[in-house]
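First the structure, in the form of structure tokens, and then the observations on it.
Values quoted throughout were computed directly from the atomic coordinates according to the rules given, and no laboratory measurement underlies them. No experiment lies behind these values; they were computed from the predicted model shown. When we count neighbours, we look across all protein chains shown, and the Cβ atoms used for this are built from the backbone with ideal geometry, even at glycine.
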DNA sequence: TCCTTATTCAGACTGAGTCTTAATAAGGAA
DNA sequence: TTCCTTATTAAGACTCAGTCTGAATAAGGA
């Protein structure tokens, strides 16, 4: 029984005076074990396939909570959707997005991260997340 | 009469075997003189106010053309809209976006730009534009 | 001038994200 | 435990940025 796993999350909820509901804990567990990028509808579909009954609306309502708790982070945006991923799985990274084949390549650069932090400080800006994606055409799609 | 102004644009159209229509040239001129950030519906509204009759669809259809010709560039995205700005007006920059007051602060960092270029080269990726925004809460909104 | 075909317009459509309302359940008080 | 207040939930309607369709128009080559 991994009671400990969602301990941090329910602590977070209490700290924020949000109610610790079974729904939220189940959502937390379900989301935490997802791999790769997902949009909301994709997430709901996956969770259903895994036998977890959650409504789309429930996910949308709790998105800010999951983001603030650091359970997920925003990954990248296409014209249509916003994609997320479970944050605990791996360290932060940014994305190259091929608009032709929709494939995504991850990159991370500690120098860029550091410079970003400095910029935020300079403007006295509390950054909650950032979106950094290079959009274009990958090698394959250029033939 | 600044005939020369849209010369580059009509050359671009010809090079791409796209038809040089009065509509497109008018759109080009209208868009070029806009200042600040705008989304599509806002742009259409502004152009109407300035006496230029363009349909929303016309703008959407020609968005890729204007982007590729370098007339506008993508600026930042909110949950709902994508914002653009006339590119010729000023040099490239990125954005801090306050999700509370929706205000936008511009920043630019040549080192980050350079590092991005290197990353794109490493993955042999032809970058058409990039989206780099730090989302959070500005000084004022934190009281 | 004619003909082909890209472009334009009007308006319907799609779907991500939001909102409403009634029902439910968390958690504090006694 | 029981009751009560109030946040949360489910279902489904709604909004509106962006896309698509089909008919009318006009660019540009022959």
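Once every DSSP H run of n ≥ 4 in chain A is given -39500 (n - 2.57) and the sum is divided by its residues, what mean residue ellipticity at 222 nm do you get, rounded to the nearest 500 deg cm²/dmol?
After summing the helix terms and dividing by residue count, I get -12000 deg cm²/dmol.
What average number of partner chain Cβ atoms lie no more than 10 Å from the Cβ of the residues making up A:96-104?
Going residue by residue through A:96-104 and averaging, the value is 2.
Assuming a viscosity of 0.890 mPa s and a temperature of 25 °C, what translational diffusion coefficient in µm² per second does Stokes-Einstein assign to the stretch A:19-143, Rh being the Kirkwood radius over Cα pairs?
Approximately 152 µm²/s, per Stokes-Einstein.
How tilted is helix B:56-68 with respect to the longest principal axis of chain B? Cα atoms for both, answer in degrees (0 to 90, nearest 10).
Between helix and principal axis, roughly 70 degrees.
Could you work out the relative contact order of the stretch A:1-88, using alpha carbon pairs under 8 angstrom and six or more residues apart, expressed as a whole percent? Can you show the working numbers first?
Working: 90 pairs, mean separation 25.7, N = 88.
Computed over the stretch A:1-88, the figure is 29 percent.
So which residue, out of A:61, A:46, A:122, gets the largest mean-square fluctuation from a GNM of chain A using Cα contacts under 10 Å as springs?
Greatest mean-square fluctuation among the candidates belongs to A:122.
Percentage of Cα-Cα pair distances in the stretch A:1-88 greater than 15 Å, rounded to whole percent?
Above the 15 Å cut-off, the stretch A:1-88 has 56 percent of its Cα pairs.
For the protein assembly as shown, what class follows from the C-alpha gyration tensor (a ≥ b ≥ c being the square roots of its eigenvalues): rounded when a/c is under 1.5, otherwise prolate if a/b is larger than b/c, else oblate?
It comes out prolate by the Cα gyration axes.
Kindly work out what percent of the DSSP beta bridges joining two residues of chain B are antiparallel, to the nearest 5.
Taking every DSSP beta bridge within chain B, about 70 percent pair in antiparallel fashion.
Give the angle, between 0 and 90 degrees and rounded to the nearest 10, that separates the Cα long axis of helix A:40-49 from the longest principal axis of the Cα atoms of chain A.
Between the helix axis and the principal axis of chain A, the angle is about 50 degrees.
Would the stretch B:55-103 count as rounded, prolate or oblate if I go by the C-alpha gyration tensor, calling it rounded below 1.5 in a/c and otherwise prolate when a/b exceeds b/c, oblate otherwise?
Oblate, since a/c reaches 1.5 and b/c is not below a/b.
Pairing the Cα long axis of helix A:110-122 with the longest principal axis of chain A, what angle in degrees results, from 0 to 90 and rounded to the nearest 10?
That helix lies at roughly 80 degrees to the long axis.
Of all DSSP beta bridges located in the protein assembly as shown, what percent are antiparallel, nearest 5?
Values: 31 of 39 bridges.
Here the antiparallel bridges make up roughly 80 percent for the protein assembly as shown.
Label-point separation (nm) for residue A:126 and residue A:108, each offset 7 Å from Cα along Cα-to-Cβ?
2.5
What is the distance, in nm, between label points placed 7 Å from the Cα along the Cα-to-Cβ direction at residue A:142 and at residue B:93?
The modelled label-to-label distance comes out at 3.0 nm.
List the extent of the Cα atoms of the stretch B:91-143 along each of their three principal axes, largest first, rounded to whole Å.
44, 16, 16
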